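Notes follow the structure.
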Amino acid sequence: MTDPTTPENVDVLAIGGGPFNLGLAALTSTVDDAEVLVVDSADRFAWHSGLMFDDAKLQVSFLSDLVSLVDPTHPLSFLAYLADVDRLYPFLVREDFFPTRREYEAYLLWVIDRVPGLRFGTTVEQVHWDEAAEHFEVVMRGPDGPATVIARHVVVGIGTAPVVPEVLQLASVAPADSASVIHSADYLPNRERVRRAGSVTVVGSGQSGAEIVADLLEANLAGGPAVRWWTRTGWFAPLDFTKLSLEMTTPAYMEYFHALPEATRDEVRKGHWQFHKGVSADTLARIHDLLYRRELHGKLPAVQLRNGVTIEGIEPIADGGLRVRGRHHDTGKLLSHNTDLVIAATGYAERRPDFLAPISDRLRRDSCGRFVVETNHSVGASGTLANRLFVANAEHHAYGVSAPNLDIGAVRNAKILNSVLGRQEYRLPRNTAFTSFGVDDDLVVE
């Protein structure tokens, strides 16, 4: 392979500059004999900017920061951030363990200013493995042109991308060119235009869709657009954040889930939807309060909430709007309505790591073509490539509902770093759940 520049050497190259790889850099920042380089194709760091409502809160505790759950004394903890910006006492008096998203992003930017080896505006093009030298040769392109990085280990944490299902894509207009269908991830940049519309339909029953509906109901109270909220789920289901249920987001459950057979894991995952596709109780209460307040006003643009409906298609109509078609689950009846805009709160899908193509034939896959992920979060591989390539937030199939959660990031990164260093640099938590998930052999009755 021809190298256009003098290669840079690092212990770990982390591809993707989101919270998980940023957490890896944070944990490594206090380790003397390890160097991590984090690269991201974006020009600067931004975290869910399209949904950064001023009052939106995290759904996990401040302890689920980048480091605290494996090292609460770490200098890059959320509490260290609060102390540095002189906001410890206000946070204490606030008496709320759940920071706002805006404050969490401010914490992440604070960390970015304090860790070395972060490089934005840099796109990874190819990842090669040199069997003889036992290292990766990674071809990338940054602001200064092409470059090659030599890395002993690679961590892929490229996150997810917004998905608009085909059924919500206009037949006559490519979805990327359509200003009438907006993914929820792009809501705030389009907020003023959406609020000026005559009618808006939100499709999707998760937290993002609910927050957008609440925002539109606020506008509706002031004479803003008519609002429809259509969901496929049979009810507006709350996120299951009850105490013992949350034990299914602990390392104890992750280890149990990982040890199950592949087919069993896939079947069990079907029942996990309410952990990540429901709506927080606070948001549901806010929506109900807004609906109730509408009753005290005069004539306002119409609002409709309808669950148990599967969207079957949309198409442009003569007045420049859209017709939305759906089928009601319980009755089988076809429904339709006209609207000016559709907000697709339809979630995200894992980004494809196409840059791994040069080593793809060395990586193990399960019966569905997904990476086999080992207990240390490495991708199963042949030869010296084993235990060299790791993934973060790309192992839902292997570790279950916790994989995308912030509260597992520090533990996963500690496992990765311990594996890279070949020692226990960070002690992993042992007692994480009261529930016994597995079955002890001495309790099995033949």
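The values are calculated or read from the model by the stated rules, or taken from the named source; none is laboratory data. Not measured: the values here are computed from a predicted model. Because the Cβ atoms are built from the backbone with ideal geometry, glycine has one as well, and the counts that use them run over all protein chains shown. Quick note on the areas: whole protein, heavy atoms, side chains included, nothing else; ligands and nucleic acids left out. Shrake-Rupley method; radii C 1.70, N 1.55, O 1.52, S 1.80 Å.
Dipole magnitude of the chain about its Cα centre, charges +1 at Lys/Arg Cβ and -1 at Asp/Glu Cβ only, in debye to the nearest 20?
Its charge dipole is roughly 1640 debye.
Give the carbon-plus-sulfur fraction of the accessible surface of the stretch 100-224 in %, rounded to a whole number; probe 1.4 Å, heavy atoms of protein chains only.
Whole-percent figure for carbon plus sulfur exposure: 49.
Can you send over the solvent-accessible area of Arg152, 1.4 Å probe, protein chains only, in Å² to the nearest 10?
Surface open to solvent at Arg152 totals about 100 Å².
When only DSSP loop residues count, what trypsin sites (Lys or Arg not before Pro) in the stretch 1-110 have their Cβ near at most 14 other Cβ atoms within 10 Å?
Here the sparse-neighbourhood loop sites are Arg44, Arg87.
Taking the chain as the reference, fit the longest principal axis to its C-alpha atoms, fit the long axis of helix 101-112 to the helix C-alpha atoms, and give the angle between the two in degrees, 0 to 90, nearest 10.
20
Rg/Rh for the stretch 3-105 to two decimals, with Rh computed the Kirkwood way over all alpha-carbon pairs.
1.04
Under a straight-distance cross-link criterion of Cα-Cα below 20 Å, which lysines are reachable from Lys277, leaving out those fewer than 8 residues away in the same chain?
Lys57, Lys243
Report, to two decimal places, the Cα Rg of the stretch 193-309 normalised by 2.2 N^0.38 Å (N = number of residues). Before the final figure, lay out each step's value.
Working: Rg = 18.0 Å, N = 117, 2.2 N^0.38 = 13.4 Å.
For the stretch 193-309, the normalised Cα radius of gyration is 1.34.
Loop only per DSSP, at most 11 neighbouring Cβ atoms within 10 Å: give me the GluC sites (Glu not before Pro) in the stretch 112-176, ordered by residue number.
Working: sites: Glu125, Glu131, Glu134, Glu137, Glu166; in loops: Glu131, Glu134.
Counting only loop positions with at most 11 other Cβ atoms within 10 Å, the GluC sites (Glu not before Pro) in the stretch 112-176 are Glu131.
Mind checking the log10 I(q)/I(0) for the chain at q = 0.06, 0.07, 0.12, 0.13 Å⁻¹? Debye, one equal scatterer per Cα, no solvent, two decimals.
-0.30, -0.40, -1.14, -1.28
Summarise the accessible area of the stretch 1-60 (1.4 Å probe, protein heavy atoms) by the percent that is carbon and sulfur.
44
Is the stretch 235-276 rounded, prolate or oblate when judged by the Cα gyration tensor, a ≥ b ≥ c being the square roots of its eigenvalues, rounded requiring a/c under 1.5 and prolate requiring a/b larger than b/c?
Judged from the Cα gyration tensor, the stretch 235-276 comes out oblate (a/c at least 1.5, b/c at or above a/b).
Would you mind pulling out the separation of the Cα centroids of the stretch 378-410 and the stretch 331-358, in Å?
Measuring centre to centre over Cα atoms gives 25 Å.
Using a Förster distance of 56 angstrom, determine the FRET efficiency expected from the C-beta separation of Arg87 and Ala318, and round it to 0.05.
Details: r = 55 Å, r/R0 = 0.98.
After rounding to 0.05, the efficiency reads 0.55.
Dividing the convex hull volume of the Cα atoms of the stretch 75-202 by its residue count, what figure in Å³ per residue is obtained?
It comes to 234 Å³ per residue, whole-number rounded.
On average, how much accessible surface per residue is there in the stretch 82-139, in Å², for a 1.4 Å probe, leaving out ligands, DNA and RNA? Before the final figure, lay out the partial values.
Details: 3230 Å² over 58 residues.
Averaged over the residues of the stretch 82-139, the accessible area is 56 Å².
Please return the longest stretch of the chain lacking exposed loop sites, where chymotrypsin sites (Phe, Trp or Tyr not before Pro) count only if DSSP places them in a loop and at most 14 other Cβ atoms lie within 10 Å.
For chymotrypsin sites (Phe, Trp or Tyr not before Pro) (loop position, at most 14 other Cβ atoms within 10 Å), the longest site-free span of the chain is 236-433.
How high is the FRET efficiency between Leu363 and Phe437 when r is their beta carbon distance and R₀ equals 35 Å, given to the nearest 0.05?
Computed FRET efficiency for Leu363 and Phe437 comes out at 0.75.
Say we join alpha carbon atoms closer than 10 Å with springs in a Gaussian network model of the chain; which of Pro99, Pro404, Pro261 then has the biggest fluctuation?
Pro261
For the stretch 75-113, state which GluC sites (Glu not before Pro) are in a DSSP loop and have at most 12 other beta carbons lying within 10 Å of their beta carbon.
Hits after loop and neighbour filter: Glu95.
Compute the semi-axes of the equivalent ellipsoid of the stretch 278-320, taking the square root of 5 times each eigenvalue of the Cα gyration tensor, and list them largest first in whole Å. Each step should come with its number before you reach the end.
Values: eigenvalues 140, 74, 13 Å².
Gyration-tensor ellipsoid for the stretch 278-320: 26, 19, 8 Å.
Just the number, please: carbon plus sulfur as a percent of the accessible area of the stretch 303-446, 1.4 Å probe, no ligands or DNA/RNA counted.
C and S atoms contribute 47 percent here.
For the stretch 309-446, report the accessible area per residue in Å² (1.4 Å probe, heavy atoms, rounded to an integer).
Counting only protein heavy atoms, the per-residue value for the stretch 309-446 is 50 Å².
Ordering Ser49, Ser68 from largest to smallest accessible area (1.4 angstrom probe), what's the sequence?
Ser49, Ser68
Rounded if a/c is under 1.5, else prolate if a/b beats b/c, else oblate: with a ≥ b ≥ c from the C-alpha gyration tensor eigenvalues square-rooted, which is the stretch 15-56?
The shape class here is oblate.
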